[in-house]
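Engineer: Below is a structure I'd like to ask you about.
The values are calculated or read from the model by the stated rules, or taken from the named source; none is laboratory data. Since the structure is predicted, the reported quantities are computational estimates derived from the model, not experimental observations. Don't worry about glycine lacking a Cβ; one is built from the backbone with ideal geometry, like all the others, and counts go over all protein chains shown.
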Amino acid sequence: MGENSTEAAYVDYVAARLPALHRAAYLLCAGDAHRADDIVQTTITKLYQHWKRVARTDNIDAYVHRMLVHAVIDEKRASWSRVTLVASAEDVRSADPHAGVDERSRLVDALRRLPPRQRAVLVMRFLLDRPIEEVAEALNCSIGTVKSQSSRGLEALRGLLANNH
C-alpha cells in the first residue's frame, strides 16, 4: 500500500466514523461538548500517528474506541492542566448543539451523574454496541466488572430518568 493510499484510507475511515466518535465522546464526557471535541481530536491525531499499524488490525473500530476511552481517562488524570475558556458551566450547556433535544438532554444529564466507570461501560456497551469482552479490555477490567457496572449503571440511570420527569 503506497503512502497516498494509506493516507486516503485514514481520511476515509475518519470521515465515516467522525459523527459516531463525537457522539461517543460527548456522552463519555458527560455532555461537555468542548471537552468531547478535544478528546476526538486527540484520538484521531493519535490514530493518524499509528495508522499503518492500526490499519492492519482485525477490528479497527474496537481499537479506536479503546483509544477514545483512554483519551478520556488520560485527560481526566491531567485535569489540573485544563484551562476554562467559558465564564460558567451554564455557558457550556447553552453552547451545546444538542440542547434543543429534550430526551437527549435528560439522558446526558443522567449520564453526567453516574460515576465515570459506569458511564464509560454504558456508552461503550449500548451506544457503541461493543461486546462485553472488548469493553473489559478497553477499561482494563474483568468481564464480571463490566457486567456488574452495566447492571448498576442501568439501574442508576433508570432511577435518575424516572426522577427527572
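Engineer: When you scan the range 25-77, how many residues do you find that are outside any helix (DSSP H, G or I) and surrounded by fewer than 17 Cβ atoms within 10 Å (Cβ to Cβ)?
Structural biologist: Residues of the range 25-77 outside any helix (DSSP H, G or I): 29-32, 50, 55-59.
Narrowing further to those that are surrounded by fewer than 17 Cβ atoms within 10 Å (Cβ to Cβ): 50, 55-59.
Number satisfying all stated conditions: 6.
Engineer: Let me ask you something else. What are the residues in the range 51-83 that are modelled with pLDDT of 85 or more, basic (Lys, Arg) and over 16 Å from the mean Cα position of the chain (by Cα), if any? Steps first, answer last, please.
Structural biologist: From the range 51-83, those modelled with pLDDT of 85 or more are 51-72; that's our starting set.
From the residues that got through so far, the ones that are basic (Lys, Arg) too are 52-53, 56, 66.
Listed by number, the residues that qualify are Lys52, Arg53, Arg56.
Engineer: Here is a follow-up. Within the group Arg112, Arg104, Arg119, which residue is assigned to a helix (DSSP H, G or I), at pLDDT below 85 and under 22 Å from Ala156 (Cβ atoms)?
Structural biologist: Numbers: Arg112 fails: at pLDDT below 85; Arg119 fails: at pLDDT below 85.
Sole residue among the options that is assigned to a helix (DSSP H, G or I), at pLDDT below 85 and under 22 Å from Ala156 (Cβ atoms): Arg104.
Engineer: Please specify each residue of the range 100-140 satisfying the condition of being without any contact (Cβ under 8 Å) to a residue 12 or more places away in the chain, over 16 Å from Asp61 (Cα atoms) and among the hydrophobic types (A, V, I, L, M, F, W, C).
Structural biologist: Result: Val101, single match.
Engineer: Does the range 136-165 hold any residues that are closer than 18 Å to Tyr26 by Cβ and within 15 Å of the chain's Cα centre (by Cα), and which are they?
Structural biologist: The answer is Ala138, and nothing else.
Engineer: Filter the range 155-165 down to the residues that are surrounded by fewer than 16 Cβ atoms within 10 Å (Cβ to Cβ) and of a type outside the set (Asp, Glu) and list them by number. Quick ask: steps written out before the conclusion?
Structural biologist: As a first pass, look at the range 155-165 and keep what is surrounded by fewer than 16 Cβ atoms within 10 Å (Cβ to Cβ): 155, 158-159, 161-165.
Answer for the range 155-165, where residues must be surrounded by fewer than 16 Cβ atoms within 10 Å (Cβ to Cβ) and of a type outside the set (Asp, Glu): Arg158, Gly159, Leu161, Ala162, Asn163, Asn164, His165.
Engineer: If you take the residues in the range 138-147 that are assigned to a helix (DSSP H, G or I) and at pLDDT 90 or above, which one is surrounded by the most Cβ atoms within 10 Å (Cβ to Cβ)?
Structural biologist: Taking the candidates together, the pick is Val146.
Engineer: Name the one entry in Val121, Val146 that is touching an Asp or Glu at 6+ places or on another chain (Cβ under 9 Å) and not hydroxyl-bearing (Ser, Thr, Tyr).
Structural biologist: Val146 is the lone residue from the list that is touching an Asp or Glu at 6+ places or on another chain (Cβ under 9 Å) and not hydroxyl-bearing (Ser, Thr, Tyr).
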